[in-house]
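The values are calculated or read from the model by the stated rules, or taken from the named source; none is laboratory data. These numbers were taken from a predicted model, which means no experiment stands behind them. Virtual Cβ from ideal backbone geometry, glycine too; neighbours counted across all protein chains shown. The accessibility values were calculated without ligands, DNA or RNA, using every heavy atom of the protein model including side chains. Shrake-Rupley method; radii C 1.70, N 1.55, O 1.52, S 1.80 Å.
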Amino acid sequence: MFFRLRPLGATGVALLLLLLCPVPGKTAEQKAPEPQKTTAPAAAQTAAPAPIPSGPAAISMADVATRATEVANQLQTIVQKVAPSPQIEMIRQTLPDISRQIDQDLTDTMEILQGQPALPTLEAQQDQWQEMQTKTAGWLTELTKQSNALQASLDHLSGLQKTWETTLKASQDSKAPGQTLQQITGTLASIQAAQIPLKTQLSTLLDLQSSLSAEVAKCGEIVAKIAQIQRTSMTEILVQDSLPIVSPELWAGALTGLRSRIGSIGTAYLGNVNKYLRDSSEGMPVHAGVLAALALLFLAARYQVRRLTAAGETFSPAIMVFDHPIGAALTLALLFATSPFWPVPIVLRRTFQVLAFAPMILLIRPIVPVRLAPGLYLLWLLIGIDVVREAFSGELLIGQIILIIESLGGAAAMIWFLRNLRLPIQEPAGSTRLRMLQSGSVFVLLVLASGFAAAAMGYARFARLLTVGMLAGGMLALTLYATLRVLIGIADIAFHVWPLRTLRMIQHNRGLLESRIYRFLVWAAITAWTIRYLSYLGLLEPVLSFAKTALHAKYERGDFSISVGGVLEFFLTVWAGYLLSAFIRFVLREDVYPRIRVAPGKSYAVSSLLHYVIIALGFVAGIAVLGINLTKLTVLTGALGVGIGFGLQSVVNNFVSGLILLFEQPIQIGDTVEVGDLMGKVRRIGIRASTVHTIQGADIIVPNSQLITENVTNWTLSDMLRRIDLPVGVSYSSVPKEVIKVLERVAIDHPQILDDPPPQALFMGFGDSSINFELRAWTDRFDEWHLIRSELASAIYDAVRAAGMSFPFPQREVRILKDSSGGVATGAGQEAEKS
């Protein structure tokens with residue numbers, strides 16, 4: 001681009017040169033000074049602060065086109081970045097409905113809180129409002145994030161606008177070409193046009209933020225109020241909050257307007273039902289889907305059980321739950337719908353709990369004695385009555401009357417249960433189980449009687465804690481037990497279908513695995529019942545707080561500090577490492593080793609090393625969890641190592657010898673070894689000693705160092721072959737070659753004697769009474785070589801007798817000698833042997 005300098009004058013030329021300079025700071029005429037002889041640090045030269053500009057600097061005319069393109073790209077990026085997201089649009093459309101729902105729920109909740117609700121009702125309301133608070137607070141966070149992004153974009157555009165306005169003024173002053181001015185003007189217009197929708201969008205977001213902030217504040221206030229009432233309910237549990245049931249003031253005007261009250265309760269209930277059926281956010285489609293999926297699954301399970309039973313498969317008694325697949329599906333589906341983690345209205349939740357009793361009784365009924373079955377139905381009736389009581393929570397008289405009815409009904413049921421207890425459970429008088437059941441029944445009876453007295457005297461909170469709490473505990477126990485039976489049935493049938501049925505560890509240990517799973521589920525059910533029941537009684541938070549305080553109690557002495565929780569975590573970590581090791585070794589032993597055909601000795605070595613490694617890692621992890629500095633532990637270990645080296649030499653020797661046995665494997669599990677006078681089969685190679693099982697049936701504990709340092713004969717290290725040496729002596733009248741043939745033929749005819757190497761009979765020498773031979777034969781049945789040797793000896797006896805040969809035996813003859821005078825010598829004479 002060329003500029004005409006003459007019309008500008010000297011001032012214009014200087015200004016133009018200043019604008020065209022690409023580097024701010026020194027102009028072209030201001031040359032840098034010559035470098036000095038002194039050596040100043042370069043960082044000191046570069047760290048000199050630049051002058052702070054008083055305003056946005058104008059863009060150089062040479063960079064206008066490039067910067068204009070950059071601005072266009074930036075504007076496009078900003079528009080795309082701050083475009084309204086689908087979530088923001090959803091919040092904008094949903095907020096009016098959410099506001100109306102919050103107002104309606106606030107009215108209903110305030111009405112419930114005025115009627116002295118029970119702790120479970122307060123807990124359900126608190127969960128509902130906390131969920132709404134979390135939801136709206138999340139929306140508010142998203143709106144804040146979007147509005148901050150919009151504000152940042154507007155600030156950036158404002159800075160750009162100021163920069164281009166300065167550039168336009170400088171260009172006009174310097175008489176820039178019209179095309180350049182036009183480009184600058186167009187860029188400014190684009191910046192200003194981009195700000196308009198952003199400002200509109202920001203204004204809308206700020207309005208949404210204000211409205212949503214008000215709803216979040218409402219949720220926070222009602223949550224705080226519910227928490228306050230919860231604290232009051234626990235601290236004032238023994239305060240008389242109503243008049244005695246016989247008080248005339250309580251009955252005066254209590255039934256006035258009861259019909260309208262019933263009508264309003266029915267209308268509210270139908271409204272909740274209608275909302276549940278129509279509003280998908282209440283979870284009805286999810287519940288229906290869960291029920292349908294479980295029903296199909298359990299119907300398929302029943303078909304599979306019948307097919308496998310016809311094929312001869314055996315199942316545990318827990319499989320009977322699939323005789324009622326719809327009942328099992330309803331039990332799990334209603335348990336899911338009534339869980340505290342699903343936002344179902346409290347009225348419908350209690351209705352679902354009552355409805356869930358039908359399938360639960362259907363599943364439990366087959367294992368309950370006939371004489372005790374009416375107790376299940378009575379408990380179901382009392383739970384239904386308690387739902388009615390909660391519906392009339394605002395009516396003190398009605399709630400008090402229903403509490404009295406529940407207490408009397410429960411007490412009568414426990415008296416009947418005590419009278420009919422011994423015969424159905426078939427327990428002898430005085431048995432431990434019978435005494436425990438009787439003691440528990442008496443305790444429940446006393447609690448219900450106390451609840452009746454508290455309700456009659458006007459202590460409604462205390463009566464609800466006793467009576468309703470006991471009913472809720474029984475309902476929760478039955479629910480968990482029915483669920484436990486369904487889960488055990490699922491596990492049992494899972495072990496009979498592919499792919500689990502193909503696992504060897506399930507084929508060989510199905511009963512063991514089922515018992516372990518049952519034990520785990522029982523403890524899980526007990527834990528769940530304890531947590532839920534404490535939460536129902538309002539004692540969960542105090543118990544957790546006390547447990548937290550107890551676990552954080554520390555013992556400090558100098559730099560050493562240890563807590564109860566740390567010790568518990570240490571043992572749990574080591575125990576978890578042990579369980580992990582046991583499970584891995586079980587899987588390897590039952591499924592991996594047989595499939596890849598690993599020798600028993602090598603498999604034992606691998607499992608043992610893996611066990612020691614996992615236990616060691618678990619111990620180190622437990623030390624780290626305990627909070628002990630591993631550096632100090634290293635120093636301590638070094639110091640202990642010196643003491644161990646002197647004081648526990650034999651233990652360390654055996655330990656190292658055990659490692660050598662596991663790595664080098666001169667002896668493996670199942671080998672038959674001979675150590676000194678000891679001979680037997682190795683059953684276990686421990687970290688300190690090994691166990692050898694002798695032929696006589698004794699288990700001998702042999703230190704590992706003895707197996708390393710002494711001469712050990714391993715009969716089965718390389719193979720299971722054993723040579724049988726059987727000495728045979730026959731009479732001198734026999735032909736040796738014929739004897740050798742007879743002996744070898746007997747060995748060849750035996751099925752357990754190997755043909756390669758062939759049996760061999762040898763003439764060993766001349767004895768006093770016989771000529772001696774030895775039969776040598778090989779067998780691969782090492783564990784049966786004694787029996788084979790006995791069979792060979794018996795067969796040789798028959799074969800030698802059949803060949804006309806005989807076995808000699810020592811004979812003694814006594815000769816009486818006469819002296820020269822003819823008398824009998826008084827000496828003993830002379831003995832001679834004859835064959």
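The residue that is nearest to the chain's Cα centre (by Cα), counting only those in the range 294-329 that are open to solvent by 60 Å² or more (accessible area, probe 1.4 Å) and among the aliphatic types (A, V, I, L, M), is LEU297.
The conditions of being assigned to a helix (DSSP H, G or I), within 42 Å of the chain's Cα centre (by Cα) and β-branched (Val, Ile, Thr) are met by THR136.
Just so you know, in the range 767-781 the residues that are open to solvent by 60 Å² or more (accessible area, probe 1.4 Å) and among the acidic types (Asp, Glu) include one that is nearest to SER806 (Cα to Cα), and it is ASP768. Before we move on, is ASP279 acidic (Asp, Glu), modelled with pLDDT of 85 or more, open to solvent by 40 Å² or more (accessible area, probe 1.4 Å) and under 23 Å from GLN353 (Cα atoms)? For ASP279, the condition - acidic (Asp, Glu), modelled with pLDDT of 85 or more, open to solvent by 40 Å² or more (accessible area, probe 1.4 Å) and under 23 Å from GLN353 (Cα atoms) - is not met.
One residue is enough: does the range 755-766 have a residue meeting the conditions open to solvent by 20 Å² or more (accessible area, probe 1.4 Å), touching a residue at least 60 places away in the same chain (Cβ under 8 Å), among the polar types (S, T, N, Q) and within 30 Å of PHE809 (Cβ to Cβ)? For the range 755-766, residues open to solvent by 20 Å² or more (accessible area, probe 1.4 Å), touching a residue at least 60 places away in the same chain (Cβ under 8 Å), among the polar types (S, T, N, Q) and within 30 Å of PHE809 (Cβ to Cβ): absent. Every test in (1) within 27 Å of LEU270 (Cα to Cα); (2) open to solvent by 40 Å² or more (accessible area, probe 1.4 Å); (3) not basic (Lys, Arg) is passed by ILE383 save one, and that test is (2). Restricting attention to the range 145-195, and to residues there that are of a type in the set (Ser, Thr, Tyr), closer than 17 Å to ALA62 by Cβ and part of a helix (DSSP H, G or I), which single residue is most open to solvent (accessible area, probe 1.4 Å)? Among them, the one singled out is THR166. The set of residues in the range 786-814 that are modelled with pLDDT of 90 or more, over 16 Å from LYS741 (Cα atoms) and of a type in the set (A, V, I, L, M, F, W, C) comprises LEU787, ILE788.
Consider the range 695-750 and keep the residues that are among the acidic types (Asp, Glu) and part of a loop (DSSP other than H, G, I, E, B). The one that is farthest from LEU659 (Cα to Cα) is ASP719.
Does PHE570 qualify as being over 21 Å from PHE520 (Cβ atoms) and surrounded by 18 or more Cβ atoms within 10 Å (Cβ to Cβ)?
It is true that PHE570 is over 21 Å from PHE520 (Cβ atoms) and surrounded by 18 or more Cβ atoms within 10 Å (Cβ to Cβ).
Among the residues of the range 435-443, is there at least one that is under 30 Å from LEU397 (Cα atoms), open to solvent by less than 50 Å² (accessible area, probe 1.4 Å) and of a type in the set (S, T, N, Q)?
Let us first name the residues in the range 435-443 that are under 30 Å from LEU397 (Cα atoms), namely 441-443.
Within this subset, residues satisfying the condition of being open to solvent by less than 50 Å² (accessible area, probe 1.4 Å) are 441.
Going one step further and asking which of them are of a type in the set (S, T, N, Q), we end up with 441.
Yes, the range 435-443 contains a residue that is under 30 Å from LEU397 (Cα atoms), open to solvent by less than 50 Å² (accessible area, probe 1.4 Å) and of a type in the set (S, T, N, Q).
Set side by side, the residues LEU579, LEU537, LEU588 differ, and just one is under 19 Å from ASN509 (Cβ atoms) and either touching a residue at least 60 places away in the same chain (Cβ under 8 Å) or buried (at least 16 other Cβ atoms within 10 Å of the Cβ) (or both), which is LEU588. Step by step: first the residues of the range 196-241, then only those that are of a type in the set (D, E, K, R) and outside any helix (DSSP H, G or I), then the one that is surrounded by the most Cβ atoms within 10 Å (Cβ to Cβ). Which residue is that? Among them, the one singled out is ASP241.
Taken residue by residue, the range 383-393 has no member that is in a helix (DSSP H, G or I), at pLDDT below 90 and over 30 Å from GLY257 (Cβ atoms).
If you check ILE669 against the conditions, is it in contact (Cβ under 8 Å) with a residue 60 or more places away in the chain, aliphatic (A, V, I, L, M) and in a loop (DSSP other than H, G, I, E, B)? Answer is yes for this residue. When the range 703-727 is filtered for residues that are of a type in the set (D, E, K, R), open to solvent by less than 60 Å² (accessible area, probe 1.4 Å) and either modelled with pLDDT under 90 or closer than 15 Å to GLY670 by Cβ (or both), only ARG722 remains. Would you call LEU250 over 30 Å from SER147 (Cβ atoms), surrounded by 15 or more Cβ atoms within 10 Å (Cβ to Cβ) and more than 41 Å from the chain's Cα centre (by Cα)? So LEU250 passes the test. Would you be able to say whether some residue in the range 500-517 is open to solvent by less than 70 Å² (accessible area, probe 1.4 Å), charged (D, E, K, R), under 30 Å from ALA373 (Cβ atoms) and at pLDDT below 90? Scanning the range 500-517 turns up at least one residue that is open to solvent by less than 70 Å² (accessible area, probe 1.4 Å), charged (D, E, K, R), under 30 Å from ALA373 (Cβ atoms) and at pLDDT below 90. The condition of being modelled with pLDDT under 85, open to solvent by 40 Å² or more (accessible area, probe 1.4 Å) and among the basic types (Lys, Arg) holds for ARG688. Sort through GLU427, GLU406 and tell me the only one that's at pLDDT 90 or above and of a type in the set (Asp, Glu). Just a single option satisfies the conditions, and that option is GLU406.
Only one entry of LYS741, LYS737, LYS834 meets the criterion of being over 60 Å from the mean Cα position of the chain (by Cα), at pLDDT below 90 and farther than 30 Å from GLY670 by Cα, and that entry is LYS834. Residues in the range 287-303 that are free of Cβ contacts under 8 Å to residues at least 40 places away in the same chain and small (Gly, Ala, Ser): ALA288, GLY289, ALA292, ALA293, ALA295, ALA300. Criterion applied to ILE91, ILE78 was being farther than 30 Å from GLU165 by Cα and either in contact with a Gly (Cβ under 6 Å, 6 or more places away or on another chain) or surrounded by 12 or more Cβ atoms within 10 Å (Cβ to Cβ) (or both), and the one residue passing it is ILE91. Here is a check on your reading of the model: is GLY676 on the phi > 0 side of the Ramachandran plot and either open to solvent by 60 Å² or more (accessible area, probe 1.4 Å) or in contact with a Pro (Cβ under 9 Å, 6 or more places away or on another chain) (or both)? Judged against the criteria, GLY676 is not a match. Taking the numbered list (1) hydroxyl-bearing (Ser, Thr, Tyr); (2) open to solvent by 50 Å² or more (accessible area, probe 1.4 Å); (3) within 30 Å of GLN240 (Cα to Cα) in turn, THR467 passes all entries but (2).
Can ASP671 be described as at pLDDT 85 or above and more than 37 Å from the chain's Cα centre (by Cα)? Taking the combined requirement at face value, the residue satisfies it.
Number of residues in the range 451-488 that are among the hydrophobic types (A, V, I, L, M, F, W, C) and either touching a strand residue (DSSP E or B) at 6+ places or on another chain (Cβ under 7 Å) or closer than 25 Å to ALA356 by Cα (or both) equals 16.
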